[in-house]
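Worksheet: one structure, shown below.
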Amino acid sequence: MPQIPIAVIAQKSGVDLETAVDPKAPKPPWLRVRLANSDTFGFVAGLVKERHLNTVCREARCPNIGECWSRGTATFMILGDVCTRACRFCNVKTGVPTWTDPAEPRRLAEAAKSMSLKWVVVTSVDRDDLPDGGASQFSDVVRELREALPGAGVELLVPDFRGKPDAVRILSEWPPDIMGHNIETAPRLYRRVRPGADYRRSLELLRAFGEAGMVPKSGLMLGLGETLDEVYEVLSDLRAHGVRSVTVGQYLRPTPEHWPVARFVPPAEFDLIAAQAYSMGFDHVASGPLVRSSYHAEEALGVYGVRG
């Protein structure tokens, strides 16, 4: 694929070239991560390959893959590796999905049992082509995990299901311990960064999770061009819609064709945001440059006292 000049992408995205990060510049020291080098990492990688499973760790080029896989944890990605949407920040493939596998929930549960996981995180691509958006597959995964690992906590990170009315009901039949859906960024940036998504629809979905008795969790990225005031407004909206747990991390551009990084946010600012979020009433806040939706997700064991 030919490389698109940074000036062209910045012009289309609305990011100011005068302040945008030079893609050739080295990352600041707080964003440097150690390479994976452990027997456990190799075991997890081999198991994922053997069971024909997808992980968001690899598909999204997560910077924490070395740490998490070396700890024996992974975030499984169901419903294939082709997404029906094209978010400008995401490295997952976009296209027309053809993949379906009714046996996937059982294979995933068996893999989680082999890893002796105490906390299992499951996400997916967007599957707008499916009648229920993939909600029934999530439900089947939770059911299989409950049978295979009755003592483990389960966290889901789901898409918005295009507002399909049966999605929340289906998910409520086998509810996870934590129900996540990421708001990602400020509403001002949605049209350009998240085409196909809707800020208000995501908020209402999170509210519906809480009303159904689940623990709603969400996350957002910094460095897409948002202001600090907008971050606080998003956090306020999340709390107003019943969200109890939130993650805040630095956006890292996966390829030259993706949305440019407006700035690298220093750790002190993440600390400031965490303090503000706690003052708003969130139960649990993970805020830092390398924080991702499922990073140290097992901390919920202590916060909510679920399973484990």
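The values are calculated or read from the model by the stated rules, or taken from the named source; none is laboratory data. Computed from a predicted model, the values in this text were never measured in an experiment. Cβ atoms come from the backbone with ideal geometry, glycine included; neighbour counts cover every protein chain shown.
Quick look at the numbers
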read-out: L222 being of a type in the set (A, V, I, L, M, F, W, C), under 18 Å from the mean Cα position of the chain (by Cα) and within 24 Å of P23 (Cβ to Cβ); value: yes
read-out: Selection count, segment 229-255, where residues are more than 30 Å from A20 (Cβ to Cβ), in a loop (DSSP other than H, G, I, E, B) and among the charged types (D, E, K, R); value: 1
read-out: Cross-chain or 6+ apart pairs with Cβ under 9 Å, segment 265-291 first and closer than 21 Å to L224 by Cβ, then β-branched (V, I, T) and surrounded by fewer than 16 Cβ atoms within 10 Å (Cβ to Cβ); value: L290/V33
read-out: Hits in segment 71-127 (condition: modelled with pLDDT of 90 or more, within 26 Å of G151 (Cα to Cα) and crowded, with 20+ Cβ neighbours inside 10 Å); value: I78, L79, E104, P105, L108, A109, V122, T123, S124
read-out: Selection count where residues are under 10 Å from V248 (Cβ atoms) and in contact with an Asp or Glu (Cβ under 9 Å, 6 or more places away or on another chain), scope segment 259-276; value: 0
read-out: Hits in segment 99-140 (condition: closer than 21 Å to P159 by Cα, in contact with an Asp or Glu (Cβ under 9 Å, 6 or more places away or on another chain) and assigned to a loop (DSSP other than H, G, I, E, B)); value: W99, P102, V125, D126, P131, D132, G133, G134
read-out: Selection count where residues are at pLDDT 95 or above and not acidic (D, E), scope segment 140-156; value: 7
read-out: Filter result (buried (at least 23 other Cβ atoms within 10 Å of the Cβ) and on the phi > 0 side of the Ramachandran plot) within segment 135-173; value: F161
read-out: Wholly enclosed helices (runs of 4 or more DSSP H) of segment 142-227 bearing at least 3 residues hydrophobic (A, V, I, L, M, F, W, C) and without any contact (Cβ under 8 Å) to a residue 60 or more places away in the chain; value: 167-173, 199-211
read-out: Total residues in segment 166-198, condition of a type in the set (F, W, Y) and either under 16 Å from the mean Cα position of the chain (by Cα) or over 18 Å from W259 (Cβ atoms) (or both); value: 1
read-out: Failed item, numbered, when Q137 is tested on (1) within 16 Å of the chain's Cα centre (by Cα); (2) within 19 Å of W99 (Cβ to Cβ); value: (1)
read-out: Subset of segment 228-243 that is within 17 Å of A262 (Cα to Cα) and touching a residue at least 40 places away in the same chain (Cβ under 8 Å) - its residue that is surrounded by the most Cβ atoms within 10 Å (Cβ to Cβ); value: V231
read-out: Tally, over segment 211-227, of residues that are surrounded by fewer than 21 Cβ atoms within 10 Å (Cβ to Cβ) and closer than 22 Å to D126 by Cβ; value: 1
read-out: Top-ranked residue in segment 177-208 [being closer than 21 Å to V120 by Cβ and modelled with pLDDT under 95; ranked as surrounded by the most Cβ atoms within 10 Å (Cβ to Cβ)]; value: I178
read-out: Search result, residues across segment 87-98 that are more than 15 Å from the chain's Cα centre (by Cα) and either in a loop (DSSP other than H, G, I, E, B) or of a type in the set (D, E) (or both); value: G95, V96, P97, T98
read-out: Unmet requirement for I273, which otherwise passes all of (1) of a type in the set (V, I, T); (2) at pLDDT 95 or above; (3) surrounded by fewer than 19 Cβ atoms within 10 Å (Cβ to Cβ); value: (3)
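To keep it simple, each residue is scored yes or no on (1) surrounded by fewer than 17 Cβ atoms within 10 Å (Cβ to Cβ); (2) at pLDDT 95 or above.
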position	(1), (2)
T255	yes, no
H258	no, no
V261	no, no
Y278	yes, yes
G281	yes, yes
H284	no, no
E298	no, no
